[in-house]
Amino acid sequence: MTERARKIAIPLAAFLFGFVALGVAMVLTLTPGGRDVAPSSVGGPFALVDHHGREVTHETFLGEPHLIFFGFTHCPDVCPTKLFEIAQILEAAAEQGREMKALFITVDPRRDTPEIMGSYVSSFDDRIIGLTGTQEQIDEVVRAYRAYKRETPLDDGDYTMDHTAIVYIMDGQGRFVTALDTTREPGEAARELLRQI
């Protein structure tokens with residue numbers, strides 16, 4: 001496999017893995033008739049640090065619907081593209097989406113300090129909040145959201161991270177609603193997002 005093909009295949013595989021995992025989690029909460037019989041198994045308590053250095057938990061974001069996206073600041077293409085799309089959708093949501101936050105949770109806490117996360121998210125939208133923590137804290141939140149991450153070594157001795165590339169829509173009670181399709185035109189995606197919450 002060429003280096004170019006590898007760069008395309010790895011993010012695609014991570015996206016598909018995450019999409020299937022979320023699909024399985026949603027299916028397991030439905031009866032054959034389609035009625036909810038149990039809370040979604042996606043999501044749960046977490047304790048992290050935001051890009052201002054403040055300790056936050058899942059409770060910090062209760063009361064308002066919010067988005068969650070896993071990624072890392074050294075990501076060459078998927079993460080900046082996805083965050084740009086999220087920023088466009090939040091902008092298109094106008095006043096109805098003014099209070100909505102998007103949580104950008106790193107899968108690479110070794111490199112992504114609060115300061116680095118703050119500098120990174122400032123390039124997109126002030127409603128995007130960078131979250132980091134210890135390796136154990138990140139591992140816990142990744143498990144809670146049925147996400148995927150894996151450190152992959154590079155030829156130069158550095159490493160990259162394969163990870164889930166789904167944007168989670170969470171309701172005001174912290175429950176998973178569905179995945180946000182950021183590939184749609186921003187206005188259309190914003191309207192769909194507002195319908196979901």
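The values are calculated or read from the model by the stated rules, or taken from the named source; none is laboratory data. The shown structure was predicted, so the numbers you read here are calculated from the model rather than taken from an experiment. Cβ atoms come from the backbone with ideal geometry, glycine included; neighbour counts cover every protein chain shown.
Results, tabulated for the structure shown:
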| quantity | calculated |
| --- | --- |
| Complete set of residues in the stretch 108-123 that are under 17 Å from the mean Cα position of the chain (by Cα) and either β-branched (Val, Ile, Thr) or closer than 22 Å to PRO153 by Cβ (or both) | ASP108, PRO109, ASP112, VAL121 |
| Subset of the stretch 57-91 (residues that are of a type in the set (Ser, Thr, Tyr) and either assigned to a helix (DSSP H, G or I) or in contact with a Pro (Cβ under 6 Å, 6 or more places away or on another chain) (or both)) | THR60, THR81 |
| Conditions (1) buried (at least 22 other Cβ atoms within 10 Å of the Cβ); (2) in contact with a His (Cβ under 9 Å, 6 or more places away or on another chain); number of the one not met by THR106 | (2) |
| Checklist (1) in contact with an Asp or Glu (Cβ under 9 Å, 6 or more places away or on another chain); (2) at pLDDT 95 or above applied to LEU30, failing item | (2) |
| Candidates ASP112, ASP139, filtered to the one that is closer than 22 Å to MET170 by Cβ and surrounded by fewer than 22 Cβ atoms within 10 Å (Cβ to Cβ) | ASP139 |
| Unique residue being touching a residue at least 12 places away in the same chain (Cβ under 8 Å) and closer than 24 Å to LEU193 by Cα when the list is VAL49, VAL78 | VAL78 |
| Positions within the stretch 81-97 being over 13 Å from LEU193 (Cα atoms), charged (D, E, K, R) and surrounded by fewer than 16 Cβ atoms within 10 Å (Cβ to Cβ), in sequence order | GLU95 |
| Flag if ASP125 is in contact with a strand residue (DSSP E or B) (Cβ under 8 Å, 6 or more places away or on another chain) and more than 20 Å from MET161 (Cα to Cα) | yes |
| Those residues of the stretch 92-109 which are outside any loop (DSSP other than H, G, I, E, B), in contact with a helix residue (DSSP H, G or I) (Cβ under 7 Å, 6 or more places away or on another chain) and more than 25 Å from GLY44 (Cα to Cα), in sequence order | ALA92, GLN96 |
